[in-house]
Amino acid sequence: MKRTKFYGKEILFSMIKIEHLVKNYGSNCAVDDISFEVETGEIVGFLGPNGAGKSTTMNILTGYLSSTSGKASIAGIDILSDPIGAKKLIGYLPEQPPLYLDMTVEEYLNFNYELKCCKLNKAEHLAQVCETVKIKDVYHKVIRTLSKGYRQRVGIAQALIGNPKVIIFDEPTVGLDPKQIIEIRNLIRGLGKEHTVILSTHILQEVQAVCDRIIIINKGKIVANEKTENITNVVANNRRFNIKISGPQREILSFLKGMQGLSYVEALAERDGDAYTYMIESEMGIDIRKKLFFSLAERGWAIIGMEALGMNLEDIFITVVDKSEEIKLTRSNVKNRITRRQRGKEKSALEQELGESLYESAQRQRAESALTEVSEDEDD
Amino acid sequence: MFAIYRKEMRSYFINPIGFVYMGIFLVFSALLCCYTTIISGSYDTSNYFTFLIIAFIILIPILTMRLFAEERKLRTEQLLLTAPVTITGMVLGKYFAALTIFVSGILLSCINFIPLYVISAAERAGEDSALNHIGPVTGEIVGSVIAVILLGAALIAVGTLISALTENQLSAAVVTIGVIAAMVLLNFVNVLTDSDGQPIIGSYVIRAVVDWISVLSRFSAFSNGIFDYSSLLYYISLSFVFLFLTVRVYEKRRWG
């Protein structure tokens, strides 16, 4: 919270405050009643699949779009009632950097300096910005001739001009190579020391690497708003593997299904000699791998490959939702805790509410990929 | 607003479009002046201005087509709309940049009148009588130039609005040509007659309204040497209306 004197009274406000924001495009609801706050100096990640409403929220926050209802304010200034005042506090890098391709970097930054009515020492400030984003060597080049990575950096430089209190990045690392991505992430981390930063992405690793807090958004609704550590903990607890076992498929499958500690087993249509691939999921909090190894070895079935499955966004939603529910349950009554297995196919209320569609789509994807693999097999 | 004005001015001359416009305009106006005055042996400049206005149908869209359409296509309008500038400031910055190019073209083309003065001076030297006025009427030329500038300002506002409505420069240009042609040439329907020599538009009221709306017929007073304030006010109001509509287009897009 920031303290400011206002007509002699001390008032408190967050750097960014969004209350009950709704944005409809015709009958299509892009943002559905979102509320959150960002404190000064925080780096917040906006995570969600494509079309979740990330860009729309950011566009409303920067005054590019107007909300259907609800309120967005920067440092206590409402973006609708005092757009100029609020916009002065914001540096914004849209999804596609707004570059004039026929200008040189120098001209472009000068233009932005004037556009933002910047009062800082011009030469000094521009030199400092160029130093921060490392574009000194292309300073006199025409933007059209720059590579994607440099263009992105010029876009970031544009957002930094005038030293705005709030910096908003919409998918800042899209289309960059891995080395550039790491550079940009470091850059953003550095910015977080002096600025309040919001960035959006659909890559989990990115927010994990950079952000203090993660807001997960899906279909225009906030699914989770958690400290990064909490979400990292959830995700680190990876329970799903693809495992390749040499041996008779049917027997192995029934053995795995009867095994303690596994909540889900599925034979994938993938074959390698006499080995088949199975997808397994262990119960929460159990590392099944050693036990699996020894019990399979006992029966003479060799594990010839094991691969931890990364979580996709859909899985993360489900896990995060599951986890938060679980914490509630643990607090209320530990004995009555229901594991996923006992629950069987029945879904919890929360999961039903938030994750059902996602869960289904994840299932469908899995099934589809299995199907395509089968058909590929048939082709052989 | 001044940042945007300066940026637009710069981009007119970084892209060849500013030079192309200036070149075409100066060559064309010089030829036109030559044909309507010197070759036809007249000091009367009213035909010159009338033909110039008809040439605006092609010339004005060159200036206005890219104003907003290009920004929208390159997504750079996002930068302008999230910067601490009002939409009105943005529209005016762009409008005045186009207007500056236009006005400087018109003023530069005033060198076309120099030969008229030179020739008339030579002719006057031969005559001893000072009773007849020989040569162009300076007052009429000045009045016409002012009127042409204001008329052009109105047409640029029209082009600005059309450019704000589309994402494609070419379609902006084509539509602008159509609209300006309609605005300028509207009063020609009054002149059209059928085989019996009767005007095609029978109703006097419609003809009066068409005449009132037509940008060109409102200019005729200037051709006759009358400095017509009501026409100037009409042109200025047109500019205001179309610029206001441009601002509204952007406001509406925010809420859309």
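The sole residue among A:ILE135, A:ILE143 that is in contact with a Phe, Trp or Tyr (Cβ under 7 Å, 6 or more places away or on another chain), within 14 Å of chain B (Cβ to nearest Cβ) and closer than 19 Å to A:LEU176 by Cβ is A:ILE143.
Of all the residues in the range A:155-172, those that are over 23 Å from the mean Cα position of the chain (by Cα) and either not assigned by TED's automatic domain parsing to the domain that holds A:LEU93 or not aliphatic (A, V, I, L, M) (or both) number 4. Just one of A:ILE216, A:ILE231 is within 30 Å of A:PHE36 (Cα to Cα), β-branched (Val, Ile, Thr) and at pLDDT 85 or above; which is it? Within the list A:ILE216, A:ILE231, the selection yields A:ILE216.
Quickly run through the range B:180-197 and pick out the residues that are part of a loop (DSSP other than H, G, I, E, B) and on the phi < 0 side of the Ramachandran plot. Within the range B:180-197, B:LEU186, B:ASN187, B:LEU192, B:ASP194, B:SER195, B:ASP196 qualify. Restricting the range B:210-221 to residues that are in contact with a Leu (Cβ under 9 Å, 6 or more places away or on another chain) and not hydroxyl-bearing (Ser, Thr, Tyr) leaves a set whose member that is surrounded by the fewest Cβ atoms within 10 Å (Cβ to Cβ) is B:ILE213.
Among the residues of the range A:99-111, not one is crowded, with 23+ Cβ neighbours inside 10 Å and either within 7 Å of another protein chain (Cβ to nearest Cβ) or charged (D, E, K, R) (or both). Scanning the range B:72-89 for residues being more than 10 Å from every other protein chain (Cβ to nearest Cβ) and farther than 17 Å from B:THR166 by Cβ gives a total of 1.
Only one of the listed residues (A:GLU171, A:GLU183, A:GLU114, A:GLU95) is within 14 Å of another protein chain (Cβ to nearest Cβ) and over 27 Å from B:MET1 (Cβ atoms). That residue is A:GLU171.
Name the residues in the range A:50-75 that are surrounded by fewer than 18 Cβ atoms within 10 Å (Cβ to Cβ) and either in contact with a strand residue (DSSP E or B) (Cβ under 7 Å, 6 or more places away or on another chain) or charged (D, E, K, R) (or both), would you? Within the range A:50-75, A:THR68, A:SER69, A:GLY70, A:LYS71 qualify.
Among the listed residues B:LEU31, B:LEU26, B:LEU59, B:LEU52, identify the single one that is without any contact (Cβ under 8 Å) to a residue 60 or more places away in the chain and closer than 14 Å to B:ASN112 by Cβ. Only one candidate qualifies: B:LEU31. Within the range B:1-23, being in contact (Cβ under 8 Å) with a residue 60 or more places away in the chain and away from chain A (no Cβ under 14 Å) holds for B:TYR21, B:MET22.
When the residues of the range B:210-256 are narrowed to those that are of a type in the set (Gly, Ala, Ser) and part of a loop (DSSP other than H, G, I, E, B), which ends up nearest to the other protein chains (Cβ to nearest Cβ)?
Residues of the range B:210-256 that are of a type in the set (Gly, Ala, Ser), as a first pass: B:214, B:217, B:220-221, B:223, B:225, B:230-231, B:237, B:239, B:256.
Add one more test, that the residue is part of a loop (DSSP other than H, G, I, E, B), and what stays is B:214, B:225, B:256.
Values: B:SER214: 39, B:GLY225: 45, B:GLY256: 7 Å.
Within the range B:210-256, the match that is nearest to the other protein chains (Cβ to nearest Cβ) is B:GLY256.
Remark: pairs (first residue in the range B:70-89, without any contact (Cβ under 8 Å) to a residue 40 or more places away in the chain; second residue of a type in the set (Gly, Ala, Ser) and surrounded by fewer than 20 Cβ atoms within 10 Å (Cβ to Cβ); Cβ separation under 8 Å; 6+ apart in sequence or on different chains) = B:PRO84/A:GLY85. Where strands (runs of 3 or more DSSP E) fall wholly inside the range A:34-109, the ranges with 2 or more residues that are assigned by TED's automatic domain parsing to the domain that holds A:ILE16, in contact with an Asp or Glu (Cβ under 9 Å, 6 or more places away or on another chain) and of a type in the set (Gly, Ala, Ser) are A:69-74. Taken over the range B:36-87, the criterion of being assigned to a loop (DSSP other than H, G, I, E, B), within 25 Å of B:PHE25 (Cβ to Cβ) and modelled with pLDDT of 90 or more is satisfied by B:MET65 alone. On the basis of being out of contact with any Lys or Arg (no Cβ under 8 Å at 6 or more places or on another chain) and within 13 Å of A:VAL166 (Cα to Cα), does A:GLY85 make the cut? Spelling it out, A:GLY85 is indeed out of contact with any Lys or Arg (no Cβ under 8 Å at 6 or more places or on another chain) and within 13 Å of A:VAL166 (Cα to Cα).
The values are calculated or read from the model by the stated rules, or taken from the named source; none is laboratory data. Nothing here was measured: the structure is a model prediction, and the numbers come from that model. No Cβ is skipped: glycine too gets one built from the backbone with ideal geometry, and neighbour counts run over all protein chains shown.
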